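The values are calculated or read from the model by the stated rules, or taken from the named source; none is laboratory data. The structure presented is a predicted model; accordingly, all values stated were derived computationally and were not measured. When we count neighbours, we look across all protein chains shown, and the Cβ atoms used for this are built from the backbone with ideal geometry, even at glycine.
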Amino acid sequence: MTTEMDAEAAVKELRATFSSGKTRALEWRVSQLKALLKITEHHEEEIVQALRSDLNKPEFEAFVHEISAVSAACKFALKELHRWTKPEKVKTSITTFPSKAEIVSEPLGVVLVISAWNYPFLLALDPVVGAIAAGNVVVLKPSEIAPATSSVLAKLLGEYMDTSAVKVIEGAVPETTALLEQKWDKIFYTGNGKVGRIVLAAAAKHLTPVVLELGGKCPAVVDTNIELKVAARRIISGKWGCNSGQTCVSPDYILTTKEYAPKLINALTCELEKFYGKDPLQSNDLSAIVNSNHFDRLARLIDDEKVSDKIVYGGQRDKSNLKIAPTIMLDVPADSLIMSDEIFGPLLPILTVNKIEDSISEINAKARPLAAYVFTNDKKLKEEFIKNVSAGGMLVNDTTLHLTVSGLPFGGVGESGMGSYHGKFSFDAFSHKKAVLQRSFAGDLSARYPPYTSKKLKLLKALLKGDIIGIFRALFGW
Ligand code: NAD
């Protein structure tokens with residue numbers, strides 16, 4: 001267990017490493033990114049086993065969603081690092097002429113990454129890639145809810161990384177609380193909004209900046225003029241094919257018209273059966289629910305008397321294996337338990353609207369989600385959706401894939417979080433953008449110094465307005 005003294009000692013050691021300047025060197029950053037890459041290349045089987053033990057995650061999902069995503073982030077950072085770390089030239093104005101201005105990215109210092117259990121390998125290491133690329137020292141606190149992956153991370157990072165600069169501290173609430181007592185230069189937290197508020201309050205004590213990667217209820221709007229089979233498969237892939245819906249960007253609920261809902265349900269159930277068979281509880285391609293607390297939480301959502309007659313598909317569960325079948329509900333009431341919070345599991349309510357355009361106001365009446373999806377071929381609806389729905393990110397005619405585009409920032413807005421990462425945004429999240437202006441001793445304009453005269457004021461007014469004639473007038477008294 002990490003006491004406050006242990007946490008303090010770890011931070012002290014890391015701060016000494018940071019002060020030594022070694023993590024600023026590009027060679028160090030490259031060596032650590034390569035070490036992370038090696039972990040993904042040499043320990044695939046061990047990581048897959050840990051993810052199986054924590055979540056019964058299918059090997060396919062473990063590899064595609066976690067191991068290869070970390071490896072891609074490392075490779076991208078290694079490829080781009082030189083460009084990212086170069087000072088960025090910016091234009092100057094006449095006010096500072098002659099001069100040159102640049103934005104210099106510098107590491108923030110000692111950073112804390114607190115990660116969540118649903119993608120316990122990816123969500124732990126993806127931010128660490130950014131922190132290292134930007135030249136910081138890091139403490140990673142993996143989620144205790146995925147203990148096998150937490151222990152693999154502690155072991156492998158201990159073996160491969162420079163442990164004077166990158167430390168894994170395992171633990172639950174007391175350990176995280178002890179860590180949060182310390183002064184950090186950045187805290188990167190992934191998890192729910194309730195703990196997000198605890199993290200933000202702890203950070204405020206030290207004026208520490210934070211990234212909060214939270215969740216929310218991600219809507220998917222399904223129009224009537226679409227290729228239904230493709231849409232159904234893509235919804236299934238983002239919901240049940242992503243860790244049984246235990247994914248921050250999984251579609252949480254669907255909005256479609258009353259007339260179209262039966263067709264959509266038919267397409268979803270037809271494709272679900274093709275993917276997971278007639279008895280999905282027996283399928284090896286569906287992750288389990290992470291633990292019995294979350295299983296009971298989801299069971300309560302199914303057993304809520306307000307929705308018990310709304311189940312149109314699924315509903316079966318097996319507590320001994322922590323499995324819940326893909327479950328679809330139609331027209332659940334707004335005050336049901338399932339609509340009051342993020343579902344984070346394999347249950348999908350479908351809500352109906354009179355006109356598909358009404359979906360936008362339905363979404364905007366709720367907290368801003370981490371992701372919003374629309375399936376449509378209607379150009380106007382697409383444009384209205386992009387313009388009027390506020391969400392961390394959005395995707396037209398598919399689900400979840402926007403996360404894989406390294407040029408797009410990944411993060412929330414409002415209740416779904418603050419700050420973002422992925423690709424260069426990860427580097428930026430862990431960098432301070434230092435403004436640097438350089439001048440020589442030439443061009444020392446006496447007009448800026450006292451005694452202030454009306455001629456000097458005239459000249460400066462003309463200079464600041466960029467009024468060339470006014471400058472000559474002031475200088476030569478025209
Ligand atoms: P979790 O239980 O693993 O908690 C996250 C972290 O917070 C853990 O490391 C845990 O030790 C720590 N923690 C828990 N209680 C704490 C406390 N009282 N004080 C200090 N630290 C504490 O994960 P979770 O919160 O169940 O994760 C699920 C949530 O995370 C969902 O809302 C989901 O949408 C969101 N999420 C967001 C993203 C994203 O990238 N935006 C990714 C995954 C999950």
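Worth pointing out:
- Scanning the range 160-182 for residues that are outside any loop (DSSP other than H, G, I, E, B) and within 10 Å of the ligand (Cβ to nearest atom) yields 173, 174, 175, 176, 177, 178, 179, 180.
- In the set (1) touching a Gly at 6+ places or on another chain (Cβ under 7 Å); (2) more than 26 Å from residue 432 (Cβ to Cβ); (3) of a type outside the set (D, E, K, R), the condition left unmet by residue 136 is number (2).
- Qualifying residue in the range 436-447 (condition: closer than 29 Å to residue 197 by Cα, touching a residue at least 40 places away in the same chain (Cβ under 8 Å) and either within 13 Å of the ligand (Cβ to nearest atom) or part of a loop (DSSP other than H, G, I, E, B) (or both)): no
- Flag for residue 4 being surrounded by fewer than 18 Cβ atoms within 10 Å (Cβ to Cβ) and either among the β-branched types (Val, Ile, Thr) or under 30 Å from residue 407 (Cα atoms) (or both): no
- For the range 429-446, the criterion of being within 18 Å of residue 111 (Cβ to Cβ), surrounded by 18 or more Cβ atoms within 10 Å (Cβ to Cβ) and touching a Ser or Thr at 6+ places or on another chain (Cβ under 8 Å) is met by at least one residue.
- The range 183-204 - residue that is surrounded by 21 or more Cβ atoms within 10 Å (Cβ to Cβ) and not in a helix (DSSP H, G or I) and, of those, nearest to the ligand (Cβ to nearest atom): 191
- Residue match in the range 382-401 (condition: at negative phi, in the same structural domain as residue 233 (by TED's automatic domain parsing), of a type in the set (Val, Ile, Thr) and part of a helix (DSSP H, G or I)): yes
- For residue 289: the one exception among (1) away from the ligand (no atom under 16 Å from the Cβ); (2) assigned to a loop (DSSP other than H, G, I, E, B); (3) in contact with a Gly (Cβ under 7 Å, 6 or more places away or on another chain); (4) not hydroxyl-bearing (Ser, Thr, Tyr): (1)
- Residue under evaluation residue 151, criteria (1) within 10 Å of the ligand (Cβ to nearest atom); (2) surrounded by fewer than 17 Cβ atoms within 10 Å (Cβ to Cβ); (3) touching a residue at least 24 places away in the same chain (Cβ under 8 Å); (4) not in a loop (DSSP other than H, G, I, E, B), criterion not met: (1)
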